[in-house]
1. Any idea what the dipole of the chain comes to, in debye rounded to 20, about its Cα centre with Lys/Arg Cβ at +1 and Asp/Glu Cβ at -1?
2. Given R₀ = 35 Å, FRET efficiency for Leu377-Thr8 by Cβ-Cβ distance, to 0.05?
3. For Lys293, Lys444, which order do you get if you count the other beta carbons within 10 Å of each Cβ and list the fewest first?
4. Considering the convex hull of the alpha carbon atoms of the chain, report its projected area averaged over all viewing directions, in nm², one decimal.
5. Relative to the longest principal Cα axis of the chain, at what angle does helix 361-379 sit, 0 to 90 degrees, rounded to 10?
6. Quick check for you: which residues of region 65-100 have the amide N under 20 Å from the point 7 Å beyond the Cα of Glu48 toward its beta carbon?
7. Rounded to the nearest 10 degrees, what's the angle between the helix 108-117 long axis and the longest principal axis of the chain, both from Cα atoms, 0 to 90?
8. For region 70-270, calculate the relative contact order in percent as a whole number, restricting contacts to Cα pairs under 8 Å that are 6 or more residues apart.
Amino acid sequence: MALDEHATFLDRDLLSGGSPWRLLRLPGGSRVVAERWRGASEVGAGEERFARTLLQQGLLHPVPPPRADVDLVDVVIPVRDDVDGLARLLADLSGWHVTVVDDGSVDPGSVEECALRFGASPVRLSQNRGPGSARNAGVSATSRPLLWFLDVDVGLDSPLDVLGHLQPHFADPLMGAIAPRVRGGGGPSVRDRFELRFSPLDMGARSGLVVAGGPVAYVPSACLLVRREAFGEGFDESLRTGEDVDLVWRLHDRGWLVRYDADTVVAHRARATWPRWWNQRVGYGASTAELAKRHGARMAPLRVDGWTLAAWSAVLWGKPIVGARVARVAHERLRRRLASTTDEPGKVAGALVGRGMVGAGGPLARAVVRTYGVPLLMVALHPRMRRRALALFAAGTTWRWRSTRLRITDIPLAVGDDLAYGFGVFWGAWRSKTLGALRPHVTKSTLGLREVLGLKPRGMDRTPRSG
């Protein structure tokens, strides 16, 4: 086991981190055990319950030795017409148990011939029903305990190596699914180079549990290993896009763990033309409406505390002093509340306010631009609003490059990426007659207006009458 690299002790026994982020007070000498796991070590006798607690809260990660057993795995590949891509993928899976599901191809004979040529079992759907339906059909035609879903545009340098890093995680009886990092395949074009850095399927360089609202909110089904027992009723066949997000969240709701392994990387080809590239992004945005119907506030475009939103709105409107006062009052209030429970209330309060309020600015701007980029640019047409709207748009756009080098050629693609996704969100909301994917989730704060304004608590602002 290895303690998450972002897990931090804020005082003697107060641990912060996890997925989603939380504070955990450790009893007794638990810190010594947790610190030992920081360097990756075995779970000792009597430490199993503690390890399970940290594991299920995303503070501890398993580090199993690589091991692959192909005979326990059924590979399911949905395909429609992409015979060349299918041939490339099947060539790497020679000797595996592979089921190819033809999802209504124009030339089904070519797909079947390709599958048989590489020793795969073909399943044909007479009409195109979408990737979720195709995968479900493949599952119905197989029987092994692990299901490996692969898309034809995924490239595997070594399938055995990828499986060897993913499969051992199923030693945990609660592990329902695991996915590697999916990066762009690269290539000579501007589009290929952009995808290598900003593929929509890339969940980032940080491994961890997959939890809505956490650092890794979902994983794509382009390369996903699932326990058959956990698969249940499978993908929602009414969803043409976003069916993987829905599946992962339903697994979590049923008590299964879903993990993202960023250290294991596969490649995914970019769309071959600009229209297909644009339509892919629009489709991802449009899928949020139906997901919001099923999963409510999990699909909110942004989640923010009310006073955090007020503080950063004040900064945007040229009133940074107001924003700083909100942060200062929040810090002082939290410091007083922690005074009796921690030896370093100032340090802990500073870390919490810094992360929750001050550090929310960049992600908040990014979330606004990602979903509301189109109306934000429309607002910028108004002379009095132009400067602020463009400042917010620039902040949200450039936040992409917070951990990577900015390339000038990436800028127009980044803007197009966000606008296409945002357009899709609005289109999906109109088509599905729901505002769930457009409605921010603003949480109520315990910080009161009177505290921010520096007024006495209600009931203490009147001068007592003399007898």
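Values quoted throughout were computed directly from the atomic coordinates according to the rules given, and no laboratory measurement underlies them. Since the model is a prediction, treat every value here as computed from it, not as a measurement. Note that each Cβ is placed from the backbone with ideal geometry, even for glycine, and that neighbours are counted across all protein chains shown.
1. Details: 64 positive and 48 negative charges, 700 e Å.
Approximately 3360 debye in magnitude.
2. Values: r = 39 Å, r/R0 = 1.10.
Efficiency, rounded to the nearest 0.05: 0.35.
3. Values: Lys293 14, Lys444 8.
Listed from fewest to most nearby Cβ atoms, that is Lys444, Lys293.
4. Numbers: hull surface 112.2 nm².
Computed as one quarter of the Cα hull surface, the answer is 28.0 nm².
5. It works out to around 80 degrees.
6. Inside the label zone: 65.
7. 80 degrees
8. Numbers: 428 pairs, mean separation 49.3, N = 201.
Once divided by the residue count of region 70-270, the mean separation gives 25 percent.
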